[in-house]
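The block underneath contains the structure these notes are about, expressed in structure tokens.
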Amino acid sequence: MIVWLLQQVSLVRKVVQASDTPQRMAWGFAFGVLLGLVPKGNLVAVVLSMVLLATRANLSIGMATALAFSLLSSWLDPLTHRLGLAVLTMPALQAWWQSAYQLPLVPWTSLNNTVVCGSLIVGLLAFYPAYRVSKPVFQRYLDWRVRRREQAESTALPATVPLESPEAVESSIPKAA
Amino acid sequence: MIRWSYLLPRLLLLLTVWLGLHFGAGPAARWAFVTAGQSAIGGKVDIDQVHVNLLAGRLDIRQASVADPRSPLRNLVQFDEGVFHLDSQALLHRRLVVEQGALRGIRLDTERSESGALEPREPAEATDWASSQIAVAGREWLEGLGQRLDAKLEDELETVRVGKELWQRWPREYSALEDRVHDWRGRIERLQQIVKQPPRGNVLEQANFYQQQAMTLDQMRKDLVQLHRDLQRLGQQAGQDRQSLDAARRHDEQRIRELVKFDQLDPRNLTEYLLDEETSRRVEDCLAWLQRGQELMNVAGQAPELNQIEGRGAWIDLTTGPQPPDVLIRHLELDGVALWGGQSVAFRGTAEGLTHQPARHGQPAQLHLRTEGAVAATIDCSLDFTTQLPSSRLRIACPQLAQPARNLGRDGQLAVGVAPGAAALQAELELVGRQVSGRVEWHQPDVQLTTQLGSRLGGQRLAQHVQSSVGQIRELRAVVHLEGELPRPRWRLQSDLGSQLATGINAAVRQELAQRAGDLSDQADRLLQEQQARLDDFILGKQAELVEKLNLGEQQLADFQQLVTQRLNLPKELLGRELPLNKLFR
């Protein structure tokens, strides 16, 4: 059992360390920002998590970013509360909010909470900028990794010549004209 | 080709979510119930297991107990199993609605091994019965009667006091007179001896000596007259003292007549004296449960964990029209065991419309219970918190409540023993805000009563008199009318027990006091006659004795007079006068 668990952990580590495209990594980061800002314990957070799982965004970067932004989100509560309050009490949106709230599962989203609503709006607004900003960063990161790998390969000791078969040796000898 | 780098983490996360839902929903629900329950009740909530089946919409709770916040070492309630069928539509709208549920193996007011206190709460407001002063009046009446019957009036009779006083005074008076008579007679005897001696000196000296003796004789005569007068005065005084004894007797008669007069025992006082403890305990129990229900509803309605008033941000009401409650138990089957009057009683029943947001529900919470076995009763309770002014109604009907043998009243004073039997109890109480009203009726037919009276109240003898009227009582009926504001509601107790018993007691007490007065009167008469006879005998004896002594003294005085006249050869008439003997020799 323990061996099986260790094997699974090792597999997850390999997957996380696997190379990915800058786009997927940037999408993971953007989803992480959105997921991290929204308070947990409601259907919005669950749906965002499922979207993260369903897309081909980088999961490890998304989860790490979500964790980091979760710690920071409480600092933004005054802002998100004011924003959420303004949106939820906007007269033009009242009818829409009220009809939406009567739908099944919507009450589980806790969107009638000012912080949830405000942080979702902030997260959505920050989603694409986060993608755009992070994509070049991840591009450079990947380039840096490639360069580093190449340097490592060039400075490595030459590989020993494999012992070839007599037929191969014979074939490699140029024949007399 | 399968892209494991994409699929594997997602599969693992989905597996984790599924495992979390499957195995974590129960503990999460358990945590939620414990947190919300503790917040609502204020006592520790212990739940052994919670199973959640979201697909089937079923919730199972096993072995739960809720500590009593007012008594941390006791459980308010505990149950073995709870099964709840949830409304899935309501669940989609984030409301926990139990369409049908059942709590089995309920036990009320059980002991806890460890304290269930979370935070100290103010003690419950104890009901204070202002009207129990009437019961105190009954006790005071009996106490007064006890003092009256217990008083040693024999020792307080005026006849006895005056008789004792006279008996102490008369011997002193006669002794003093006797002493004076004895002294007088001693003096006259000494004079006789002096005069009988042969004369000394010359004639003139002799004449002078005898003249002095004659003067002394005169004084002795006067003293004798005074002694006669004093003796006569004592005789007159004896007559006055007899009148004093008669006056004392009349005074005693007055007191004895007052003894017979007594304030009639007020039947209402007696009713409350006898039934105060018994009925107030029942009423207090009923009111305590009503208050507890109201308090629980109040606390639950304000619990932060149940009302979205904690956490980050603010909650905006987006509902249109009437908003249903977030948590509602529409129908709950109950069965369990409770203690009633020291007996373990099995009960079954239903609870409907239980919610911490009754105003949203718009209907009062209803509780219907039916007990079985030794105590068969139906209990209907309605807790209406749908308006600003909460109101609760409690109706208890118990047609056959087994009653053990018990004593009404107080041992050592007046106690009425009630033989074991069955009683019917009907209670209808309403609590609107802090205003309580209602009635509690208690009826015990085919009753057998025995009276016990303390020794101060005449003991077994008077109890026999009372028993003759108590023995005619065939049923006990008491109705408590309750009205007023907590914690001091007014109450009025009505029962025919007091009136029936008061009639018997008044008659018995009257008879007892009349008998007592007769005995005292006879005793006073006997004492008066004894005192008078003894005093008369004494006075007559002493009078005769002193008269005899004074007669003897007169005889002695006469002899002395004759002796002096012989010595002086003077006519008897001149004795006692100062003769001009000095002039004879000038």
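The values are calculated or read from the model by the stated rules, or taken from the named source; none is laboratory data. Source: prediction; values computed, not measured. Heads up, the Cβs are rebuilt from the backbone with ideal geometry, glycines too, and the neighbour counts pull from every protein chain shown.
Of all the numbered requirements in (1) closer than 21 Å to B:ILE106 by Cβ; (2) touching a residue at least 40 places away in the same chain (Cβ under 8 Å); (3) within 43 Å of the chain's Cα centre (by Cα), B:PRO390 misses one, and that requirement is (1). Between B:ALA524, B:ALA463, B:ALA478, B:ALA502, the distinction of being modelled with pLDDT of 75 or more and over 21 Å from B:ASP276 (Cα atoms) belongs to B:ALA524 only. With the structure loaded, tell me whether B:GLY576 is closer than 30 Å to B:GLY235 by Cβ, small (Gly, Ala, Ser) and at pLDDT below 75 or whether it fails that test. Against the criterion (closer than 30 Å to B:GLY235 by Cβ, small (Gly, Ala, Ser) and at pLDDT below 75), B:GLY576 qualifies.
Consider B:VAL470 carefully, then state whether it is modelled with pLDDT under 75 and of a type in the set (Val, Ile, Thr). Yes. On inspection, B:LEU401 does not qualify as among the hydrophobic types (A, V, I, L, M, F, W, C), in a strand (DSSP E or B) and in contact with a helix residue (DSSP H, G or I) (Cβ under 9 Å, 6 or more places away or on another chain).
Among the residues of segment A:56-85, those that are hydroxyl-bearing (Ser, Thr, Tyr) and facing chain B (nearest Cβ under 10 Å) comprise A:SER60, A:SER73, A:SER74, A:THR80. Are any residues in segment B:173-220 touching a helix residue (DSSP H, G or I) at 6+ places or on another chain (Cβ under 6 Å) and in a loop (DSSP other than H, G, I, E, B), and if so, which ones? Selection gives B:PRO199 alone. If the condition is being part of a helix (DSSP H, G or I), in contact (Cβ under 8 Å) with a residue 24 or more places away in the chain and within 7 Å of chain B (Cβ to nearest Cβ), then segment A:86-108 contributes A:LEU88, A:TRP108. For segment B:1-27, a tally of residues being more than 8 Å from chain A (Cβ to nearest Cβ), in a helix (DSSP H, G or I) and closer than 18 Å to A:ASN58 by Cα returns 2.
Please go through segment A:120-152 and give me each residue that is within 14 Å of chain B (Cβ to nearest Cβ) and surrounded by fewer than 21 Cβ atoms within 10 Å (Cβ to Cβ), ordered by number. Matches in segment A:120-152: A:ILE121, A:VAL122. Residue count for segment B:380-395 under the criterion of being in a strand (DSSP E or B) and either hydroxyl-bearing (Ser, Thr, Tyr) or in contact with a helix residue (DSSP H, G or I) (Cβ under 9 Å, 6 or more places away or on another chain) (or both): the result is 8.
Exactly one residue out of B:GLN403, B:GLN343, B:GLN363, B:GLN388 is more than 14 Å from chain A (Cβ to nearest Cβ), crowded, with 16+ Cβ neighbours inside 10 Å and not small (Gly, Ala, Ser): that is B:GLN403. With B:ALA90, B:ALA36 as the choices, which residue is within 14 Å of chain A (Cβ to nearest Cβ), aliphatic (A, V, I, L, M) and closer than 30 Å to B:ASP317 by Cα? Unique residue meeting the criteria: B:ALA90.
Looking at B:LEU296, B:LEU287, B:LEU265, just one residue is more than 30 Å from B:GLU554 (Cα to Cα) and at pLDDT 75 or above, and that residue is B:LEU287.
The single residue among B:LEU520, B:LEU540, B:LEU493 that is assigned to a helix (DSSP H, G or I) and either more than 22 Å from B:ALA248 (Cβ to Cβ) or in contact (Cβ under 8 Å) with a residue 12 or more places away in the chain (or both) turns out to be B:LEU520. Considering only segment A:109-119, I want to know if a residue exists there that is away from chain B (no Cβ under 11 Å) and over 16 Å from A:VAL33 (Cβ atoms). No, because not a single residue in segment A:109-119 is away from chain B (no Cβ under 11 Å) and over 16 Å from A:VAL33 (Cβ atoms).
Report whether or not B:VAL509 is out of contact with any helix residue (DSSP H, G or I) (no Cβ under 6 Å at 6 or more places or on another chain) and surrounded by fewer than 19 Cβ atoms within 10 Å (Cβ to Cβ).
So B:VAL509 does not fit the description; no.
Among the residues here, B:ARG30 does not qualify as assigned to a helix (DSSP H, G or I), of a type in the set (D, E, K, R), without any contact (Cβ under 8 Å) to a residue 60 or more places away in the chain and within 14 Å of another protein chain (Cβ to nearest Cβ).
Applying the criterion of being within 14 Å of chain A (Cβ to nearest Cβ) and modelled with pLDDT of 85 or more to the residues of segment B:319-340, the residue that is nearest to B:GLY37 (Cα to Cα) is B:VAL327.
Residues are listed down the side, and each one gets a yes or a no for (1) modelled with pLDDT of 70 or more; (2) within 13 Å of chain B (Cβ to nearest Cβ); (3) part of a helix (DSSP H, G or I); (4) over 19 Å from the mean Cα position of the chain (by Cα):
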| residue | (1), (2), (3), (4) |
| --- | --- |
| A:VAL3 | no, no, yes, yes |
| A:VAL16 | no, yes, yes, no |
| A:ALA26 | yes, no, yes, no |
| A:LEU34 | yes, no, yes, no |
| A:PRO39 | yes, yes, no, no |
| A:VAL47 | yes, yes, yes, no |
